[in-house]
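Below is one structure; the comments refer to it alone.
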Amino acid sequence: ESDAGDYTCVCGDKQSTASLAVYALPVVFKEELKNEEVLEGASVSLNCELSKAAPVQWKIGSKVLKASDKYQMRQHGTTAELVIHDLGVEDA
């Protein structure tokens with residue numbers, strides 16, 4: 001999208017201009033989340049990979065998760081990770 005705009009070819013005192021529009025492709029999951037089974041008290045890491053870098057939001061049901069001692073959220077390029085510490089049965 002940052003390449004969109006008007007481009008001009010100049011030759012001496014002549015020029016030709018064209019407008020370039022760039023449409024963003026939708027973000028899709030290249031690698032989706034996988035089901036996990038973990039013992040109470042342990043930690044778990046949930047990972048997914050996107051087709052391009054984009055902001056993500058983590059939820060459990062309809063509740064949006066916020067970074068805390070329990071929830072760590074990381075994103076490196078196209079890979080998003082949620083680490084949940086000290087798992088309890090309420091985290092299932």
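For this structure, a couple of remarks:
- Counted residues, region 1-48 - those being free of Cβ contacts under 8 Å to residues at least 12 places away in the same chain and of a type in the set (Val, Ile, Thr): 3
- Which numbered condition MET73 fails, given (1) closer than 30 Å to GLU1 by Cα; (2) open to solvent by 60 Å² or more (accessible area, probe 1.4 Å); (3) over 15 Å from the mean Cα position of the chain (by Cα): (3)
- When region 1-26 is limited to residues that are aliphatic (A, V, I, L, M) and open to solvent by less than 100 Å² (accessible area, probe 1.4 Å), the one that is nearest to LEU50 (Cα to Cα) turns out to be ALA24.
- Filter pass, LYS34 being within 22 Å of the chain's Cα centre (by Cα), basic (Lys, Arg) and open to solvent by less than 100 Å² (accessible area, probe 1.4 Å): no
- Residue match in region 77-89 (condition: outside any loop (DSSP other than H, G, I, E, B), in contact (Cβ under 8 Å) with a residue 12 or more places away in the chain and in contact with a helix residue (DSSP H, G or I) (Cβ under 8 Å, 6 or more places away or on another chain)): yes
- Subset tally (residues that are surrounded by 12 or more Cβ atoms within 10 Å (Cβ to Cβ) and outside any strand (DSSP E or B)) for region 54-70: 5
- Residue check, LEU50 in contact with a strand residue (DSSP E or B) (Cβ under 6 Å, 6 or more places away or on another chain), closer than 30 Å to GLU1 by Cβ, among the aliphatic types (A, V, I, L, M) and surrounded by 14 or more Cβ atoms within 10 Å (Cβ to Cβ): no
- Residue match in region 2-24 (condition: under 30 Å from GLU90 (Cβ atoms) and in contact with an Asp or Glu (Cβ under 7 Å, 6 or more places away or on another chain)): no
- Checking each residue in region 2-53 for being in a loop (DSSP other than H, G, I, E, B), hydroxyl-bearing (Ser, Thr, Tyr) and closer than 30 Å to VAL83 by Cβ picks out SER43, SER51.
The values are calculated or read from the model by the stated rules, or taken from the named source; none is laboratory data. Please read all numbers here as calculations on a predicted model, not as lab measurements. FYI the Cβ positions are ideal-geometry reconstructions off the backbone, even for glycines, and counts take in every protein chain you see. Only protein heavy atoms, including side chains, enter the accessible area calculation; ligands, DNA and RNA are left aside. Shrake-Rupley method; radii C 1.70, N 1.55, O 1.52, S 1.80 Å.
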